[in-house]
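Worksheet: the structure to be examined is printed underneath.
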Amino acid sequence: MKEENKMSVDDMEKLEEVEIEVSKDAASVNEGICPSCNERMVKYIDNKNLFDGALTFHIIKFKCLKCKKEYLDLEEAEKYDLFLKLEKVGKDKALELFAEKKIKRIYA
């Protein structure tokens, strides 16, 4: 640490204690500007279904109408990541069941 950034004990005693409250929605994104073309993005909901509609994910995305790029905030990205994992597990299980039925027919 540089010498000019160090505070003396007297300076620290003069500091005032401050309490702040952060709402749970403070990190959510409600609007955005496209980093590629600097245009305002449109917020929309992309519904993704799994297991023949038994499970639906409502993923909030931001899309730039000019360059067509889409963005997610951190919370929505985590939700989309879960969707992709469940989708992969569902496909793996479906392939496994299909292969099992084919094998039973061949060897039955």
## Note on the structure
The ³J(HN,Hα) series, computed from each phi in the stretch 61-73 with the Karplus coefficients 6.51, -1.76 and 1.60 at θ = phi - 60°, rounded to the nearest Hz and given as x for glycine or proline, is 10, 10, 10, 8, 6, 7, 9, 6, 6, 10, 9, 10, 7
### Query
Around F83, with a cut-off of 11 angstrom between Cβ atoms, what is the net charge of the other residues, counting Lys and Arg +1 and Asp and Glu -1?
-1
### Task
Could you list which residues have their amide H under 5 Å from that of G32, counting only those 5 or more apart in sequence or on another chain, with H placed in the peptide plane?
M41
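Of K48/K91; K48/K79; K43/K79; K43/K66; K68/K91, which sit over 18 Å apart, Cα to Cα?
In this structure, K68/K91 lie more than 18 Å apart at Cα.
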### Query
What is the calculated FRET efficiency for C37 to D92, with r their C-beta to C-beta distance and R₀ = 35 Å, to the nearest 0.05?
0.35
### Under 14 Å, Cβ to Cβ, from K66 - net charge with Lys/Arg +1 and Asp/Glu -1
+2
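Taken together, the values in this text are just the output of simple stated rules run on the coordinates, not laboratory data. Nothing here was measured: the structure is a model prediction, and the numbers come from that model. Virtual Cβ from ideal backbone geometry, glycine too; neighbours counted across all protein chains shown.
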